[in-house]
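The values are calculated or read from the model by the stated rules, or taken from the named source; none is laboratory data. On a predicted model such as this, the values are computed, not experimentally measured, just so you know. Cβ placement follows ideal geometry from the backbone for every residue including glycine, while neighbour counts extend to all protein chains displayed. Accessible surface is based on the protein model in full, side chains and every heavy atom, while ligands, DNA and RNA are left aside. Shrake-Rupley method; radii C 1.70, N 1.55, O 1.52, S 1.80 Å.
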Amino acid sequence: MNQKKNRENLEKMMLVILIGALAIVLGIIESMIPIKLPIPGMKLGLANIMIVIGLYYLDVKDMFFVIMLKTFLTTLLLGTFSMFAYGFVGALLSYICMVSAFKVLKEKISLIGISMIGGVMHNIGQIIVAMILIKTKAIAYYMMFLLPIGLLTGVVIGLVAKLVMSRLNEFQLFRNHYRLNN
């Protein structure tokens with residue numbers, strides 16, 4: 001019995017590390033893409049592919065750890081304090097809303113819907129930080145550009161996550177931890 005519990009703990013730890021590492025790598029890769037997007041600060045959010053996927057395999061506490069790890073390490077490697085503030089608040093608000101939707105609507109909302117919520121809420125979190133740091137509410141007008149982009153990137157991230165998850169579920173490690181079966 002103890003050996004089985006140890007194996008489950010090891011598998012869970014492997015999933016946390018794998019999902020966290022892939023989120024960090026995707027964030028670094030995104031920073032290297034030389035695409036000039038039309039709105040300052042706008043990103044595709046490739047790391048969020050792993051965050052959305054993680055919601056389906058990890059519990060709330062482990063996903064929170066992954067998000068903290070991803071935000072802290074990508075900021076340490078690529079950014080500044082303000083980048084951390086924007087990323088942390090955006091990621092935290094996005095995560096809380098995605099987890100809430102996942103728990104409340106578990107089988108009634110699609111992975112793409114969860115991802116769209118995450119994209120929009122991440123942008124709202126970043127606008128809140130901008131209003132605090134810049135000390136003006138006028139920045140809220142930026143939302144008319146960011147919300148549709150958050151929806152669009154949420155759809156793209158959700159579609160990619162769905163494709164990746166269909167392959168991940170072929171592996172026993174992932175299949176054993178897929179939360180909609182529980």
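With θ taken as phi - 60° and the Karplus curve 6.51 cos²θ - 1.76 cosθ + 1.60 applied, the whole-hertz 3J(HN,Hα) list for region 105-111 is 10, 2, 9, 9, 10, 7, 4 Hz, x standing for glycine and proline. Residues considered: ASN169, ASN48, ASN123. Largest GNM mean-square fluctuation over the chain, using C-alpha springs under 10 Å, is found at ASN169. In terms of distances greater than 25 angstrom between alpha carbons, the cross-link table entries LYS36/LYS106; LYS70/LYS103; LYS70/LYS162; LYS5/LYS61; LYS70/LYS137 yield LYS36/LYS106; LYS70/LYS137.
Once log10 I(q)/I(0) by the Debye sum over Cα atoms at q = 0.08, 0.17, 0.19 Å⁻¹ is calculated for the structure shown, the corresponding label among (i) -0.23, -1.19, -1.51; (ii) -0.26, -1.09, -1.33; (iii) -0.29, -1.06, -1.26 turns out to be (ii). For region 73-86, putting each phi into the Karplus relation 6.51 cos²θ - 1.76 cosθ + 1.60 with θ = phi - 60° gives couplings of 5, 5, 5, 4, 7, 10, x, 10, 4, 5, 4, 5, 4, 4 Hz, in residue order, rounded to whole numbers and with x for Gly and Pro.
Per residue, the chain reaches -26500 deg cm²/dmol at 222 nm when only DSSP H runs of four or more residues are counted, each adding -39500 (n - 2.57). Placing +1 on the Cβ of every Lys and Arg and -1 on the Cβ of every Asp and Glu, with no other charges, gives region 1-154 a dipole of roughly 180 debye about its Cα centre. Exposed loop sites here are trypsin sites (Lys or Arg not before Pro) assigned a DSSP state other than H, G, I, E or B and surrounded by at most 14 other beta carbons within 10 Å; excluding them, the longest clear run of the chain is 37-105. Backbone phi angles across region 15-29, fed through the Karplus curve with coefficients 6.51, -1.76 and 1.60 (θ = phi - 60°), yield HN-Hα couplings of 5, 4, 5, 5, 5, x, 5, 5, 5, 5, 4, 5, x, 5, 4 Hz in residue order; Gly and Pro are listed as x. Between LYS5 and TYR141, the simple spin-label model (points 7 angstrom out along Cα→Cβ) gives 6.1 nm. Taking springs between alpha-carbon atoms closer than 10 angstrom, which of GLU11, GLU107, GLU30 fluctuates most in the Gaussian network model of the chain? Comparing GLU11, GLU107, GLU30 in a Gaussian network model of the chain, the most mobile one is GLU107.
Extension gain for LEU73 to ASN169 (0.36 nm times residue separation, less C-alpha to C-alpha distance): 31.8 nm.
Exposure check, 1.4 Å probe, all protein chains in place: MET131 carries approximately 60 Å² of accessible surface. For the pair VAL104 and ILE35, label points projected 7 Å from Cα toward Cβ lie 3.2 nm apart.
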